[in-house]
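Only one structure is covered here, and it is reproduced in the block below.
Readers should treat all values here as calculations from the given coordinates under stated rules, not as data from a laboratory. Fair warning: this is a prediction, and the values are worked out from it, not measured in the lab. With ideal geometry, Cβ positions are generated from the backbone for all residues, glycine too; neighbour counts draw on all protein chains shown.
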Amino acid sequence: TSETLHDMDSICTAEEFRQAYPDGITGTMMDYVSFNGAGAALNDHATSNRADWWYGKLLEPASAAVTLLNILDNPNKVGVRVEKTDTDSDTCTVTFEFHED
């Protein structure tokens, strides 16, 4: 029996994203809203520590998605697009475009 851990701190290709999240993030530990409630705790800490560099990144959808999913923060390699809904100001969709793929 063996086990391996592949540490991916800066995902920059679609293949790396598929390796890290083969079934997407819904219902996994990375689903901070519906899986484990960590989103509420992160939101509380971020809003209480707005001046803190790390928590401040969690207040905007694009930088929060990049930070929490370990996406490479380099617009030359990974594009990030945020689409807000007209009906719910608290909901948006963040889309990544991996330029090397």
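Values computed for the structure shown
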| quantity | calculated |
| --- | --- |
| Angle in degrees between helix 38-48 and the longest Cα principal axis of the chain, rounded to the nearest 10 | 50 degrees |
| FRET E, pair LYS84, MET30, Förster distance 30 Å, beta-carbon r, rounded to 0.05 | 0.90 |
| For the chain, with +1 on Lys and Arg beta carbons and -1 on Asp and Glu, the positive-most of ALA64, THR1, ILE25 along the dipole | ALA64 |
| Theoretical ellipticity at 222 nm over the chain - DSSP helices of four or more residues, -39500 (n - 2.57) apiece, nearest 500 | -7500 deg cm²/dmol |
| For the chain, size of Cβ-based charge dipole, Lys and Arg +1, Asp and Glu -1, in debye | 240 debye |
| Rg to Rh, two decimals, where the chain supplies the alpha carbon set and Rh follows Kirkwood | 0.98 |
| Theoretical gain in end-to-end length, ASN43 to ASP101 [0.36 nm per residue, Cα-Cα removed] | 17.6 nm |
| Calculated from backbone phi, Karplus (6.51, -1.76, 1.60) coupling profile of the range 15-26 in Hz, x at Gly/Pro | 4, 5, 4, 5, 5, 6, 10, x, 10, x, 9, 4 |
| Estimated FRET transfer efficiency (TRP53, ASP7; beta-carbon r; R0 35 Å; 0.05) | 0.95 |
